[in-house]
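To start, the structure itself, in structure tokens.
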Amino acid sequence: PSLDDPATDPREIAAAAAREIAARSGVDRHDLALVLGSGWGGAADLLGETVADLPAEELPGFSAPVVPGHGGRIRSIRLSSQPSAEPSEVRHALVLGARTHYYEGKGVRRVAHAARVASACGASTLVLTNGCGSVRREWGPGSVVLVSDHLNLTGTSPLEGATFVDLTDLYSARLRGVAREVDADLPEGVYAQFRGPHYETPAEVRMAGVMGADLVGMSTALEAIAAREAGLEVLGLSLVTNLAAGVSAEALSHEEVLQAGSDAGPRISRLLAEIAGR
Ligand SMILES: Nc1nc2[nH]c(I)nc2c(=O)[nH]1
């Protein structure tokens, strides 16, 4: 069976990957899963003790990282939030450092795979983090925004067939409340997923704003829909790495994107570790 075979149920591949993760990590249930996007990579170390660190491409349904050596790892982490917990109470997090973007053209099944694997590993919560552009001038590079809802501008769905899934409260209000217990000043915004890989034109950024988007990116929405269908409660966290095209005079520079991500790293890693511990 393969994700590229329409006759294969994607959940079958996700279950195979989950069995492999349990076998190789020795952890038979992961309570929480996190997808770490641009700028969020440093959070894994703060979550707790790494129990296993696996190359994603060795697991069913995952592919090698787009940028060799960058990401492409799946880590099982023993959350250090309850040092004195009984063995049965210990919570384990699965850090999925192997996001497939829709713009890679590998199909929606591979975009949705990590969310399905998280569910197959026993997780009840998925934290989706990303780097994004801001439509709002006041949210400059380094701003962290709670995703309150999304606009799926990809024109596609990660779901197949008559899977009519309700997306009300897709970005769990309860989990946003937990995040605000950690940092009460966290703003909320609507995230628009564009197909990419090109950035938006200034006119498209204005369009997204008119339609109610505060953030623009190339991930997250499709993954969140797949996570909801898999029964996961979803928290979305965006790191603004740049003002979207046209919001300010100067052009986008990839260096600016990378710099903003690394500057905000320590602060957002602590935030994520705090939230994960609750
Ligand atoms: N679509 C879109 N995706 C992004 N990812 C990052 I980092 N910045 C952007 C951006 O400005 N637009």
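The values are calculated or read from the model by the stated rules, or taken from the named source; none is laboratory data. In this text the structure is predicted, and so the values were computed from the model without any measurement. Cβ: placed from backbone, ideal geometry, glycine included. Neighbour counts: every protein chain shown. Surface areas here come from the heavy atoms of the whole protein model, side chains and all, with no ligands, DNA or RNA. Shrake-Rupley method; radii C 1.70, N 1.55, O 1.52, S 1.80 Å.
For Thr168, work out the one condition from (1) surrounded by 17 or more Cβ atoms within 10 Å (Cβ to Cβ); (2) of a type outside the set (A, V, I, L, M); (3) part of a loop (DSSP other than H, G, I, E, B); (4) at pLDDT 95 or above it doesn't fulfil.
That leaves (1) as the condition not met.
Considering only residues that are within 18 Å of Arg278 (Cβ to Cβ) and small (Gly, Ala, Ser), look in the stretch 29-44 and name the one that is surrounded by the fewest Cβ atoms within 10 Å (Cβ to Cβ).
Restricting to residues being within 18 Å of Arg278 (Cβ to Cβ) and small (Gly, Ala, Ser), the top hit is Ala44.
Among the numbered criteria (1) in a loop (DSSP other than H, G, I, E, B); (2) free of Cβ contacts under 8 Å to residues at least 12 places away in the same chain, which one does Val27 miss?
(2)
For the stretch 12-28, enumerate the residues that are touching a helix residue (DSSP H, G or I) at 6+ places or on another chain (Cβ under 7 Å) and surrounded by fewer than 17 Cβ atoms within 10 Å (Cβ to Cβ).
Listed by number, the list holds a single entry, Asp28.
Scanning for something within 16 Å of the ligand (Cβ to nearest atom) and either in contact with a Phe, Trp or Tyr (Cβ under 6 Å, 6 or more places away or on another chain) or under 26 Å from Val240 (Cβ atoms) (or both), does the stretch 48-66 turn up at least one residue?
At the first step, the residues of the stretch 48-66 found to be within 16 Å of the ligand (Cβ to nearest atom) are 66.
Imposing the further condition that a residue be either in contact with a Phe, Trp or Tyr (Cβ under 6 Å, 6 or more places away or on another chain) or under 26 Å from Val240 (Cβ atoms) (or both) reduces the set to 66.
Within the stretch 48-66, one or more residues are within 16 Å of the ligand (Cβ to nearest atom) and either in contact with a Phe, Trp or Tyr (Cβ under 6 Å, 6 or more places away or on another chain) or under 26 Å from Val240 (Cβ atoms) (or both).
Restricting to the stretch 106-137, and then to whatever is within 16 Å of the ligand (Cβ to nearest atom), over 11 Å from the mean Cα position of the chain (by Cα) and not in a strand (DSSP E or B), can you tell me which residue is farthest from Gly26 (Cα to Cα)?
Just the residues of the stretch 106-137 that are within 16 Å of the ligand (Cβ to nearest atom), to begin with: 111, 128-137.
Next, only the ones that are over 11 Å from the mean Cα position of the chain (by Cα) stay: 132-137.
After this cut, where a residue has to be not in a strand (DSSP E or B) as well, the list is 135-137.
Values: Val135: 44, Arg136: 45, Arg137: 47 Å.
That would be Arg137.
Would you confirm, using the coordinates I've provided, whether Arg174 is within 16 Å of the ligand (Cβ to nearest atom), farther than 18 Å from Tyr102 by Cβ and open to solvent by 30 Å² or more (accessible area, probe 1.4 Å)?
On the way: within 16 Å of the ligand (Cβ to nearest atom): no; farther than 18 Å from Tyr102 by Cβ: yes; open to solvent by 30 Å² or more (accessible area, probe 1.4 Å): yes.
For Arg174, the condition - within 16 Å of the ligand (Cβ to nearest atom), farther than 18 Å from Tyr102 by Cβ and open to solvent by 30 Å² or more (accessible area, probe 1.4 Å) - is not met.
Here are Ala192, Ala221, Ala230, Ala184: which of them is farther than 28 Å from Leu79 by Cβ, of a type in the set (A, V, I, L, M, F, W, C) and either open to solvent by 40 Å² or more (accessible area, probe 1.4 Å) or in contact with a Leu (Cβ under 9 Å, 6 or more places away or on another chain) (or both)?
On the way: Ala221 fails: farther than 28 Å from Leu79 by Cβ; Ala230 fails: farther than 28 Å from Leu79 by Cβ; Ala184 fails: farther than 28 Å from Leu79 by Cβ.
Step by step, each of Ala192, Ala221, Ala230, Ala184 is checked, and only Ala192 is farther than 28 Å from Leu79 by Cβ, of a type in the set (A, V, I, L, M, F, W, C) and either open to solvent by 40 Å² or more (accessible area, probe 1.4 Å) or in contact with a Leu (Cβ under 9 Å, 6 or more places away or on another chain) (or both).
Quick check, is Gly140 crowded, with 21+ Cβ neighbours inside 10 Å and touching a Leu at 6+ places or on another chain (Cβ under 9 Å)?
Values: crowded, with 21+ Cβ neighbours inside 10 Å: no; touching a Leu at 6+ places or on another chain (Cβ under 9 Å): yes.
Against the criterion (crowded, with 21+ Cβ neighbours inside 10 Å and touching a Leu at 6+ places or on another chain (Cβ under 9 Å)), Gly140 does not qualify.
Of the residues Thr154, Thr163, which is touching a strand residue (DSSP E or B) at 6+ places or on another chain (Cβ under 6 Å), within 24 Å of Arg110 (Cα to Cα) and in a loop (DSSP other than H, G, I, E, B)?
Details: Thr163 fails: touching a strand residue (DSSP E or B) at 6+ places or on another chain (Cβ under 6 Å).
The match here is Thr154.
Results for (1) open to solvent by less than 30 Å² (accessible area, probe 1.4 Å); (2) part of a helix (DSSP H, G or I); (3) within 11 Å of the ligand (Cβ to nearest atom); (4) not basic (Lys, Arg), shown as yes or no for each residue.
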site: Gly196; (1), (2), (3), (4): yes, no, yes, yes
site: Val205; (1), (2), (3), (4): yes, yes, yes, yes
site: Val216; (1), (2), (3), (4): yes, no, yes, yes
site: Val234; (1), (2), (3), (4): yes, no, no, yes
site: Ser238; (1), (2), (3), (4): yes, no, yes, yes
site: Ala249; (1), (2), (3), (4): no, no, no, yes
site: Glu256; (1), (2), (3), (4): no, yes, yes, yes
site: Arg267; (1), (2), (3), (4): no, yes, no, no
site: Ile275; (1), (2), (3), (4): yes, yes, no, yes
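Determine, yes or no, whether Gly142 is closer than 15 Å to Leu34 by Cβ and part of a loop (DSSP other than H, G, I, E, B). Write out each step before concluding.
On the way: closer than 15 Å to Leu34 by Cβ: no; part of a loop (DSSP other than H, G, I, E, B): yes.
No.
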